[in-house]
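**Q** Below is one structure. I have some questions about it.
The values are calculated or read from the model by the stated rules, or taken from the named source; none is laboratory data. All values derive from a computational prediction rather than experimental measurement. Every residue, glycine among them, receives a Cβ derived from its backbone with ideal geometry; neighbour counts consider all protein chains shown. Heavy atoms of the whole protein, side chains included, go into the accessibility calculation; ligands, DNA and RNA do not. Shrake-Rupley method; radii C 1.70, N 1.55, O 1.52, S 1.80 Å.
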Amino acid sequence: MSLYYHKRITLIPRLLHLNVGTHGWSLSLGTRRAHITRGSGGRSRASVRLPGGFSWHRSFRRR
């Protein structure tokens, strides 16, 4: 059995969130429709939700 913990802390309502979990932290900037996430492991991800159930994601790695 493994443990899992996740907490989302709102820093600026509807714009900036700090996500804390058992494997690290991340910052999310943007709305639910389009946002950029930067994690403690050096990865960044851009996401856009499109109408009709479609979405676009792109991952970046820090050099």
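**Q** Is it the case, given these coordinates, that Leu11 is at pLDDT 95 or above and more than 22 Å from His57 (Cα to Cα)?
**A** Values: at pLDDT 95 or above: yes; more than 22 Å from His57 (Cα to Cα): yes.
Against the criterion (at pLDDT 95 or above and more than 22 Å from His57 (Cα to Cα)), Leu11 qualifies.
**Q** Can I ask one more? Going by the conditions given, is Leu18 loosely packed, with under 14 Cβ neighbours inside 10 Å and under 10 Å from the mean Cα position of the chain (by Cα)?
**A** Numbers: loosely packed, with under 14 Cβ neighbours inside 10 Å: yes; under 10 Å from the mean Cα position of the chain (by Cα): yes.
Spelling it out, Leu18 is indeed loosely packed, with under 14 Cβ neighbours inside 10 Å and under 10 Å from the mean Cα position of the chain (by Cα).
**Q** Under 10 Å from the mean Cα position of the chain (by Cα) and modelled with pLDDT of 90 or more: does that describe Leu50? Even if it seems obvious, please write down each step before you answer.
**A** On the way: under 10 Å from the mean Cα position of the chain (by Cα): no; modelled with pLDDT of 90 or more: yes.
No, not satisfied.
To keep it simple, each residue is scored yes or no on (1) in contact with a Cys (Cβ under 9 Å, 6 or more places away or on another chain); (2) surrounded by 13 or more Cβ atoms within 10 Å (Cβ to Cβ); (3) in a strand (DSSP E or B); (4) of a type in the set (A, V, I, L, M).
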{"residue": "Thr10", "(1), (2), (3), (4)": "no, no, yes, no"}
{"residue": "Thr37", "(1), (2), (3), (4)": "no, yes, yes, no"}
{"residue": "Arg49", "(1), (2), (3), (4)": "no, yes, yes, no"}
{"residue": "Gly52", "(1), (2), (3), (4)": "no, no, no, no"}
{"residue": "Ser55", "(1), (2), (3), (4)": "no, no, yes, no"}
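**Q** I'd like the full set of residues that are within 19 Å of Arg61 (Cα to Cα) and among the polar types (S, T, N, Q), limited to the stretch 20-51.
**A** Correct list: Ser26, Ser28, Thr37, Ser40, Ser44, Ser47.
**Q** Considering only residues of the stretch 23-34 that are open to solvent by 50 Å² or more (accessible area, probe 1.4 Å) and at pLDDT 90 or above, which is nearest to the chain's Cα centre (by Cα)?
**A** As a first pass, look at the stretch 23-34 and keep what is open to solvent by 50 Å² or more (accessible area, probe 1.4 Å): 23, 25, 27, 29, 31-33.
If we keep only those that are at pLDDT 90 or above as well, we get 25, 27, 29, 31, 33.
Working: Trp25: 9, Leu27: 6, Leu29: 8, Thr31: 11, Arg33: 12 Å.
In this case the residue turns out to be Leu27.
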